[in-house]
Amino acid sequence: MTEDEFKNILKNGDFKERFDAVSRANPEYLIFAAADKDENIRYKVASRIPAEKLTLLINDPYKEVRLIVAKRIDAEELPKMLKDRSFWVRHAAAERIDASYLPSLMQDKEPIVRIKVAERIDPEYLTGLAKDPEALVRKAVAKRIPEKYLSSMNGDESESVRNIVSERLLKSQK
């Protein structure tokens, strides 16, 4: 299909015709469908459009579209997604973003994002997460925190955190 045929389908076609066109068109043409009224069309666009064009969809109203964007966009563009209203999008960004940006997510309101941060952030920052209100975040911290700070987590209220700390302290004494 030519670019003009594709544009014509987008303009005049029903959902099924537009979806089919977006599914099989040259990925370079998909920029013309990035503002389609239907989120399913935009979702398909996000999954097929070249990564360098995904910035068109960073602020899409549909979180599933933004999630696909966060998983595919060039990593240099991910800082634009760190304040996304969906924690799943922030989590996906935290999985791929350069670790130097992770400190800005240490206070994220969602534990799942903070867990991902604790798993990836430079270990020297982990002391800032060692007293996190969520036990699963502290558990992730206990697995990676530098040994010199490990004893500060020895009295954690969570048994699973204390167990990790004890195991690591025992291994360090051998």
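Read-outs: derived from the displayed coordinates by stated rules, not from any lab. None of the values given here were measured: they were computed from a predicted structure. Note that we place each Cβ from the backbone using ideal geometry, even for glycine, and neighbour counts take in every protein chain shown.
Structure values in brief
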{"read-out": "Å³ per residue enclosed by the Cα convex hull of the chain", "value": "120"}
{"read-out": "Per-residue Cβ neighbour rank within 10 angstrom, fewest leading, Met106, Met81", "value": "Met106, Met81"}
{"read-out": "Sequence of Glu3, Glu134 once ranked by neighbouring C-beta atoms within 10 Å, starting from the fewest", "value": "Glu3, Glu134"}
{"read-out": "Projected-area mean, the stretch 98-174, by convex hull of Cα positions, square nanometres", "value": "4.7"}
{"read-out": "Three semi-axes of the equivalent ellipsoid, the stretch 75-129, Cα gyration tensor, whole Å, largest first", "value": "16, 13, 8"}
{"read-out": "Cross-link reach list, lysines versus Lys7, counting only Cα pairs under 28 Å and skipping chain neighbours closer than eight places", "value": "Lys16, Lys37, Lys44, Lys53, Lys63, Lys71"}
